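S.K.: Could you have a look at this structure, given as structure tokens, before my questions?
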Amino acid sequence: MTEEDIYLHISDALNIAKQLHHTNAILEVGSGNGILGISLAIILNDKKYFLIERNKKKCAFLQEMKCALSLPIHIHNTDVKLALIEGIDCIISKAVGDLLTTLNLCEHLVKPDLFILLCKNIDQIEKEIREAKKVWSFLQDVEVSDDSSKRCILKVYNICKINSARP
């Protein structure tokens, strides 16, 4: 990982943190090495964090980080489609896939007051939103990063799957 990569990861976490002040419980999908979830748990340690990761080795690393840093995180070694976590306000993700994939994976977790924050490259956003709106109804906001990285945070809310049955 280069110094520039580290800067981008931390920048993404700081940009997401700006939008989490009124939340209590955050679910990260596809936590990987935990750079997003762990960074957020350090920045905003008054929240509950649920990190979902399918890879056992990555979960073992996340568990070590949790213990070493005394973080308020709960690690789940499972597929997000099987995760049954109550009371989450927000879903975050950095690298699970495009918006449509993320919505489909998290369909069972969607509720009226939940919102999703995704770290994205600005040049992908319009296409991802257009494709997702073929299947889902939602509102969105895009916050472009202050730096020159072409990164942004996509916020999706008022989420509802469109009824596929035709009259």
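S.K.: Among (1) within 20 Å of LYS150 (Cβ to Cβ); (2) among the aliphatic types (A, V, I, L, M); (3) surrounded by 14 or more Cβ atoms within 10 Å (Cβ to Cβ), where does ALA95 come up short?
M.R.: Answer for ALA95: the failing condition is (3).
S.K.: Please count how many residues of the range 64-110 are part of a helix (DSSP H, G or I) and either within 14 Å of the chain's Cα centre (by Cα) or touching a residue at least 40 places away in the same chain (Cβ under 8 Å) (or both).
M.R.: 10
S.K.: Moving on. May I ask you to say which residue of LEU114, LEU51 is surrounded by fewer than 20 Cβ atoms within 10 Å (Cβ to Cβ), hydrophobic (A, V, I, L, M, F, W, C), within 14 Å of the chain's Cα centre (by Cα) and at pLDDT 95 or above?
M.R.: Every option except LEU114 fails the conditions.
S.K.: Something else about it: Does LEU117 qualify as being among the hydrophobic types (A, V, I, L, M, F, W, C) and farther than 16 Å from CYS152 by Cβ?
M.R.: Against the criterion (among the hydrophobic types (A, V, I, L, M, F, W, C) and farther than 16 Å from CYS152 by Cβ), LEU117 does not qualify.
S.K.: Would you call ILE38 touching a strand residue (DSSP E or B) at 6+ places or on another chain (Cβ under 6 Å), crowded, with 20+ Cβ neighbours inside 10 Å and either of a type in the set (D, E, K, R) or modelled with pLDDT of 90 or more (or both)?
M.R.: When the stated conditions are applied, ILE38 does not pass them.
S.K.: Select from the range 1-44 the residues that are closer than 14 Å to LEU117 by Cα, assigned to a helix (DSSP H, G or I) and hydrophobic (A, V, I, L, M, F, W, C) and list them in ascending order.
M.R.: Once the filter is applied, which keeps residues that are closer than 14 Å to LEU117 by Cα, assigned to a helix (DSSP H, G or I) and hydrophobic (A, V, I, L, M, F, W, C), the range 1-44 yields ALA13, LEU14, ILE16, ALA17, LEU36, LEU40.
The values are calculated or read from the model by the stated rules, or taken from the named source; none is laboratory data. What you are looking at is a predicted structure, and each value in this text was computed from that prediction instead of being measured. Glycine also receives a Cβ, built like all others from the backbone with ideal geometry; neighbour counts cover every protein chain displayed.
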